[in-house]
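Some notes on the structure that comes next.
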Amino acid sequence: MRNRMMRAARLLLCAAAAHVPVSASAGGWDVSKASSNFELVTLGDTELSGRSINAIHMGNVELTSGRIVAADPLAQPDRPALARTVAPGDYPVTLYQAFGRIAAASMRFAEGKPDHWELAVLPGQDPATLKDDEIFGYPVDAGVGCYMDAQTLDRIDERQAQVQAQKPDADINYYDDVLAADLDATKGHYALHRPVAGKKGNVAVFWSGWGDGIYPVFWGLDRDGHALVLLTDFAVIENADGRREPKLQ
């Protein structure tokens with residue numbers, strides 16, 4: 001319990017900063033120092049289970065434009081899409097659960113083991129400007145993260161307008177009035193949410209590790225630089241292993 005309280009306190013401190021500290025590297029900023037969990041996307045369900053990690057296959061996220069938003073959809077629904085894009089399509093999302101928490105979330109675009117990794121950034125962000133103890137990430141203030149297409153933001157606005165029309169005198173809260181019903185089925189851990197029934201565009205929503213903070217997202221690329229997978233690391237485990245909880249630094 002004490003470890004969890006200390007972890008929560010650390011994440012709250014991180015949320016107030018522009019960057020989250022990561023391990024320093026004598027040679028400058030190094031993506032391999034930003035996460036030790038890249039191996040997660042190369043392991044099968046049985047291998048993950050042997051490391052006390054439960055793989056949850058959520059289903060496909062519909063990317064109608066290929067512009068991906070990785071964000072807290074409640075605290076920052078209008079966050080810009082990532083600078084790198086993918087081909088429009090439906091892509092599977094896998095969650096990695098350890099210690100009763102969502103430790104990481106991936107979206108797979110093509111089969112294969114990544115040849116190298118890079119930090120996922122927004123337009124205008126440049127990893128070369130980072131000091132060796134800094135990282136770009138997205139802020140979480142409502143305890144959840146997500147993957148969705150940038151165009152799905154319009155569907156969320158449409159759903160909110162529908163609910164507001166049904167309750168014209170109420171102060172609409174998207175979590176309480178819309179999203180909670182989907183999350184309740186998994187005790188709040190995750191949901192594949194479709195804002196407007198019958199319309200393309202859904203949202204993979206998932207618990208963000210131990211709660212609020214700032215979390216990095218990474219692209220796993222093949223030798224030619226094509227995107228194979230996207231990974232969000234919620235700092236719950238180290239070395240892709242859920243058998244021992246990391247010690248706080």
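So if I check each of Glu134, Glu158, which one is farther than 24 Å from Trp207 by Cβ, acidic (Asp, Glu) and within 20 Å of the chain's Cα centre (by Cα)?
Checking each option against the conditions leaves just Glu134.
Please name all residue pairs, on different chains or six or more residues apart, with Cβ atoms under 9 Å, provided the first residue is in segment 75-101 and is on the phi < 0 side of the Ramachandran plot and surrounded by fewer than 21 Cβ atoms within 10 Å (Cβ to Cβ) and the second residue is of a type in the set (S, T, N, Q) and at pLDDT below 95.
Correct list of pairs: Ala83/Gln125.
For residues that are of a type in the set (D, E, K, R) and in contact with a Pro (Cβ under 9 Å, 6 or more places away or on another chain), scanning just segment 218-249, find the one that is farthest from Ala104 (Cα to Cα).
Result: Asp222.
Within segment 119-161, restricting attention to residues that are touching a helix residue (DSSP H, G or I) at 6+ places or on another chain (Cβ under 8 Å), without any contact (Cβ under 8 Å) to a residue 40 or more places away in the chain and not in a loop (DSSP other than H, G, I, E, B), which residue is surrounded by the fewest Cβ atoms within 10 Å (Cβ to Cβ)?
That would be Gln160.
Residues that are in contact with a Leu (Cβ under 7 Å, 6 or more places away or on another chain) and either assigned to a loop (DSSP other than H, G, I, E, B) or closer than 20 Å to Met107 by Cα (or both): does segment 162-183 have at least one?
no
Could you check segment 181-205 and list, in sequence order, the residues that are more than 17 Å from Asp149 (Cα to Cα) and among the charged types (D, E, K, R)?
Scanning segment 181-205 gives Asp182, Asp184, Lys187.
Can you name the residue in segment 186-213 that is closer than 25 Å to Glu245 by Cα and surrounded by fewer than 23 Cβ atoms within 10 Å (Cβ to Cβ) and is also modelled with the lowest pLDDT among such residues?
Checking each candidate, the answer is Gly188.
Return the pairs, sorted by first residue and then second, in which the second residue is hydrophobic (A, V, I, L, M, F, W, C) and outside any loop (DSSP other than H, G, I, E, B), the first residue lies in segment 37-53 and is free of Cβ contacts under 8 Å to residues at least 40 places away in the same chain and farther than 18 Å from Pro114 by Cβ, the beta carbons are less than 6 Å apart, and the residues are 6+ apart or on different chains.
Close Cβ pairs satisfying both conditions: Asp45/Ala55.
The values are calculated or read from the model by the stated rules, or taken from the named source; none is laboratory data. The shown structure was predicted, so the numbers you read here are calculated from the model rather than taken from an experiment. Counting neighbours? That spans all protein chains shown, and the Cβs are built from the backbone with ideal geometry, glycine included.
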